[in-house]
Amino acid sequence: MDTAADLGRLLGPLRRALLRSTRAAEELPDLPEAQIEVLRVLAAEGPLGTSAVAERLRISPSTVSNLVRSMMSAGLVQRRRSESDLRAVGLSATPEALDLLERYDQASREILRTAMDRLGADDRARLADAVPALENLVSNLSR
């Protein structure tokens, strides 16, 4: 058994299935996963500059700029000049985006709970036991 290969093979389909089910359950807009991740960072830590968002997501600043441009057009992100440094611009999620993100998160939790409830007790326990290991794995990959 190659755990790394199995995990790598399953992560993408798991993410896509959860996102698809979440959108369908709540009739949510078809936001790309990358935009949802930008909103998560801004909701947790905003306002932030483009470089700070890029650093937290471990993607290039130009990718963040492109995402933000389309997110601004959709009314999900706003830019504000810093009062302390007029050259700096802070990005923040709009109230509508924060509401949308909460709806995504709530629906996602419910979808996962329902799916996990259909599993046997042993599988549910193994998933619960795996959460700390997965958090450590994310931390190791982020270094």
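The values are calculated or read from the model by the stated rules, or taken from the named source; none is laboratory data. Just so it is clear, the model here is predicted, and its values are computed rather than measured. Here the Cβ positions follow ideal geometry from the backbone for every residue, glycine too, while neighbour counts run over all protein chains shown. Accessible surface areas use protein heavy atoms only, side chains included; no ligands, DNA or RNA. Shrake-Rupley method; radii C 1.70, N 1.55, O 1.52, S 1.80 Å.
Can you pull out every residue in the range 31-80 that is over 23 Å from LEU18 (Cβ atoms), without any contact (Cβ under 8 Å) to a residue 24 or more places away in the chain and part of a loop (DSSP other than H, G, I, E, B)?
SER60, GLY75
Looking at ALA125, is it open to solvent by less than 80 Å² (accessible area, probe 1.4 Å), outside any loop (DSSP other than H, G, I, E, B) and farther than 23 Å from ARG23 by Cα? So that I can check it myself, show each step before the final result.
Numbers: open to solvent by less than 80 Å² (accessible area, probe 1.4 Å): yes; outside any loop (DSSP other than H, G, I, E, B): yes; farther than 23 Å from ARG23 by Cα: yes.
Answer is yes for this residue.
Considering only residues that are loosely packed, with under 11 Cβ neighbours inside 10 Å and assigned to a helix (DSSP H, G or I), which ones fall in the range 100-122?
Answer for the range 100-122, where residues must be loosely packed, with under 11 Cβ neighbours inside 10 Å and assigned to a helix (DSSP H, G or I): ARG113, ASP117, ALA121, ASP122.
Can you confirm whether GLU96 is part of a helix (DSSP H, G or I), open to solvent by 90 Å² or more (accessible area, probe 1.4 Å) and in contact (Cβ under 8 Å) with a residue 40 or more places away in the chain? I'd like the intermediate steps shown before the answer.
On the way: part of a helix (DSSP H, G or I): yes; open to solvent by 90 Å² or more (accessible area, probe 1.4 Å): yes; in contact (Cβ under 8 Å) with a residue 40 or more places away in the chain: no.
So GLU96 does not fit the description; no.
Considering only the range 72-84, I want to know if a residue exists there that is within 17 Å of the chain's Cα centre (by Cα) and over 19 Å from GLY12 (Cα atoms).
Checked the range 72-84: at least one residue is within 17 Å of the chain's Cα centre (by Cα) and over 19 Å from GLY12 (Cα atoms).
Is it the case that LEU141 is part of a helix (DSSP H, G or I), in contact (Cβ under 8 Å) with a residue 12 or more places away in the chain and not acidic (Asp, Glu)? Outline the logic, then answer.
Details: part of a helix (DSSP H, G or I): yes; in contact (Cβ under 8 Å) with a residue 12 or more places away in the chain: no; not acidic (Asp, Glu): yes.
Against the criterion (part of a helix (DSSP H, G or I), in contact (Cβ under 8 Å) with a residue 12 or more places away in the chain and not acidic (Asp, Glu)), LEU141 does not qualify.
Given the criterion surrounded by 12 or more Cβ atoms within 10 Å (Cβ to Cβ), at pLDDT below 95, within 30 Å of ASP6 (Cα to Cα) and among the charged types (D, E, K, R), identify the matching residue among GLU45, GLU37.
After ruling out the rest, the residue left standing is GLU37.
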